[in-house]
1. Any residue that is within 21 Å of the chain's Cα centre (by Cα) and either open to solvent by 50 Å² or more (accessible area, probe 1.4 Å) or within 16 Å of the ligand (Cβ to nearest atom) (or both) - is there at least one of those in segment 258-268?
2. Please work out which one of (1) without any contact (Cβ under 8 Å) to a residue 60 or more places away in the chain; (2) in contact with a Phe, Trp or Tyr (Cβ under 8 Å, 6 or more places away or on another chain) is the condition MET249 fails and give its number.
3. In this structure, does GLU346 turn out to be at pLDDT 95 or above and more than 30 Å from ASN91 (Cα to Cα)?
4. Considering every residue within segment 303-315, establish whether at least one is open to solvent by 20 Å² or more (accessible area, probe 1.4 Å), modelled with pLDDT of 95 or more, among the aliphatic types (A, V, I, L, M) and in contact with a helix residue (DSSP H, G or I) (Cβ under 6 Å, 6 or more places away or on another chain).
5. Scan segment 184-199 for residues that are assigned to a loop (DSSP other than H, G, I, E, B) and over 24 Å from SER240 (Cα atoms) and jot them down.
6. Among what's in segment 200-217 and is in a strand (DSSP E or B) and of a type outside the set (Val, Ile, Thr), pick the residue that is nearest to the ligand (Cβ to nearest atom).
7. Check SER58 against each of (1) under 23 Å from the mean Cα position of the chain (by Cα); (2) at pLDDT below 95; (3) surrounded by fewer than 19 Cβ atoms within 10 Å (Cβ to Cβ) and name the one condition it does not meet.
8. At positive phi and either assigned to a loop (DSSP other than H, G, I, E, B) or modelled with pLDDT of 95 or more (or both): does that describe GLY20?
Amino acid sequence: MKNLQHYDFSKRFDDVPLVGSAFSGEHPGMIPLAFGFPYPKSFPIDALVESATGALKSEGTQALQYSGGPGQQRILEWIRQRSQLRAIQVNTDQIMITSGSNQGIDLVARTLTDPGDSVWVEAPVYFGALRAFYLAENQLSAFPVDGDGLRVDLVESALIEAAAGKRPMPKFIYVLPNYHNPAGIRLSVERRRKLAQLAYAYNVYIVEDDAYVELNFTGEFWPSIYSFGPERVIYLSTFSKIVAPGIRMAWVICQNPDVLSKMKIIKTEGLTSVLMQEIVSDYLEKNDFENHLEPLITGYRMRRDVMVEAIHEFFGDEVSFEKPEGGFFLWLTFPTKTDTTRLLHESVKVGVSFVDGKAFYLHGKPTNDLRLAFSFCDEITIREGIQKLAAVYKKQKYFIR
Ligand SMILES: Cc1ncc(COP(=O)(O)O)c(C=O)c1O
């Protein structure tokens, strides 16, 4: 024990923020509009209990073996077929199961980049991806989004500069095309096509993180970026938002066998829980997926509607936002000088949490925007949360000092 006092941990990553867990479970009574979590009733508990029994009984020792049973192949086949809805034509050997999409993002970063390599992201950007890129010691540049997603015109100008040697060429560009976390927007089809063209023209990869694609409130699916550039796009999606995040199952689609096999080498845990793959595969086989999805979409759409109405009612014209057509999040923009980090400090005192904008930018400075999750709380609680938040804001507008 004495020796442990002198144990020196790595100091390399002292300043990497851990945002996601910031509010989890620690504040009884808090209305957690910070939580980008599925609502608890969305989990198919009884059916998963049945599938766990089913998988263990029918696959027996195989399901518990290192190699797993037939479920793994069935999952890949399910993903292959489902991907066709996004205009993704793929073979099962081009799909890799990962322990959550976060692991997929990490593997992509560590496979495609060396420390110091340039990676381009959106502003705002999902903080989990930022963490992976910081840990991979990438040099990051960010490009703004508008109502149609990433400003691909600005990306193109920057690629022209990079080709002229005026800035580093990125190894890849990380993009969230559907129901952006945190911005709630979709990337227009025109911009998807253009981005894929740029990826070919400048020989960069696009990493397409499609975590929320299934939670579509309009019923209208748009083709993936991958569909416009299969050789240049690495596509990621996850079961976290459509079955449960606790199962930690997601996937990466990559056409290039060399890149895929490097990712498998870097994935030192080996296979993602084969037992869980057997269980989920049993679940997907026994349950109609559209029937499973329908109540989830209805549940999220209702929550979105309540949040949108409450913002109109309690904030009036003070704030602006794009109404999300799917996913979990609504991105709220306040008048320019508002400091949402200060607003957050006050808001948690009255029992409402959100994620302040600064978590989603590279500069780490206070901003006038914030992320609200409508995914976790029920409708009554969402309304109450927005009412309390608006009251805090109106009492004293928290301006940047
Ligand atoms: C955009 C995005 N990508 C990836 C993830 C990670 O998902 P997983 O649970 O599959 O690791 C999340 C989770 O919040 C997310 O919002």
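The values are calculated or read from the model by the stated rules, or taken from the named source; none is laboratory data. Only a predicted model underlies this, so the values are computations on that prediction, with no experimental measurement involved. Note that each Cβ is placed from the backbone with ideal geometry, even for glycine, and that neighbours are counted across all protein chains shown. In case anyone asks, the SASA skips ligands and DNA or RNA and just uses the protein heavy atoms, side chains included. Shrake-Rupley method; radii C 1.70, N 1.55, O 1.52, S 1.80 Å.
1. For segment 258-268, residues within 21 Å of the chain's Cα centre (by Cα) and either open to solvent by 50 Å² or more (accessible area, probe 1.4 Å) or within 16 Å of the ligand (Cβ to nearest atom) (or both): present.
2. With respect to (1) without any contact (Cβ under 8 Å) to a residue 60 or more places away in the chain; (2) in contact with a Phe, Trp or Tyr (Cβ under 8 Å, 6 or more places away or on another chain), MET249 is out only on (1).
3. Values: at pLDDT 95 or above: no; more than 30 Å from ASN91 (Cα to Cα): yes.
When the stated conditions are applied, GLU346 does not pass them.
4. The initial filter retains those residues of segment 303-315 that are open to solvent by 20 Å² or more (accessible area, probe 1.4 Å), namely 303, 305-306, 309, 312-314.
Of the ones still in play, those that are also modelled with pLDDT of 95 or more are 303, 305-306, 309, 312-314.
Right, trim to among the aliphatic types (A, V, I, L, M) and you get 306.
Those left that are additionally in contact with a helix residue (DSSP H, G or I) (Cβ under 6 Å, 6 or more places away or on another chain): 306.
There is at least one residue in segment 303-315 that is open to solvent by 20 Å² or more (accessible area, probe 1.4 Å), modelled with pLDDT of 95 or more, among the aliphatic types (A, V, I, L, M) and in contact with a helix residue (DSSP H, G or I) (Cβ under 6 Å, 6 or more places away or on another chain).
5. Step one: filter segment 184-199 for residues assigned to a loop (DSSP other than H, G, I, E, B), giving 184-188.
SER188, the sole residue that qualifies.
6. Within segment 200-217, the subset in a strand (DSSP E or B) is 205-209, 216.
If we keep only those that are of a type outside the set (Val, Ile, Thr) too, we end up with 205, 208-209, 216.
On the way: TYR205: 17, GLU208: 11, ASP209: 5, ASN216: 15 Å.
Taking the candidates together, the pick is ASP209.
7. Unmet condition: (1).
8. Values: at positive phi: no; either assigned to a loop (DSSP other than H, G, I, E, B) or modelled with pLDDT of 95 or more (or both): yes.
When the stated conditions are applied, GLY20 does not pass them.
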